[in-house]
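Reading through the structure tokens given below for one structure.
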Amino acid sequence: MDRNILRACREDPRCTSTDIQVSVTSPNVPMPSKRTIRRRLQVAGLHGRRPVKKPLSDESKFNLFGTDGIQWIRRPIGSRYAPQYQCPTVKHGDGSVMVWGCISDTSMGPLKRIGHVANWFRRRRVDLLEWPSQSPDFNPIEHMWEELKRRLKGVRASNANQKFAQLEAAWKSIPMTVVQTLLDSMPRRCQAVIDAKGYPTKY
């Protein structure tokens with residue numbers, strides 16, 4: 001039974017104890033409780049953790065009401081950045097505001113409310129650099145989105161216009177020292193990606 005429980009979890013780290021309970025139960029085998037399954041996984045070093053999310057680019061979605069929910073996985077200690085334990089982020093949905101922003105070593109660009117990112121660039125004839133679609137390690141602005149979310153934690157909005165006004169005010173309040181710290185980290189980011197042979201890093 002232990003082997004079956006571990007096999008089910010390793011085949012799909014996102015499966016719940018209920019999923020595992022169903023997959024390991026057969027007519028001739030007694031059904032293990034969900035508590036027993038969780039305990040056996042913990043003994044094997046597979047603990048429930050929130051997966052690392054791998055965002056897509058330098059735009060971000062902010063929900064009006066709460067979050068998209070928390071997903072959990074079970075993984076061994078020290079395997080936080082292993083690809084199989086990551087959760088891709090898909091940025092779409094209702095009840096949210098999509099924004100785009102930019103930073104440089106001298107200033108922060110204004111926050112822009114956008115719809116479809118590619119169309120927004122195309123209409124304004126913006127020339128884009130070639131950039132891998134899954135490259136948050138090389139894009140320090142992702143940490144700016146996290147900073148923005150921290151500043152608005154617990155702040156609710158009744159509509160999209162109010163939410164964007166809150167985002168815009170919070171964006172303007174972020175000091176340039178935060179930007180400079182992120183930009184100064186680029187050499188370390190590049191080296192970390194090289195050391196990881198292209199796999200995810202702590203950044």
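Here are the numbers for the structure shown:
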item: Virtual spin-label span in nm between Ser185 and Asp105, 7 Å along Cα→Cβ; result: 1.8 nm
item: Filter on Lys163/Lys202; Lys112/Lys163; Lys112/Lys172 - keep pairs with C-alpha separation over 20 Å; result: Lys163/Lys202
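Here, each number is a calculation from the coordinates, and none is a lab measurement. Keep in mind that what you see is a predicted model, and the values were worked out from it rather than measured. In this analysis, Cβ positions are derived from the backbone assuming ideal geometry, glycine residues included, and neighbour counts consider all displayed protein chains.
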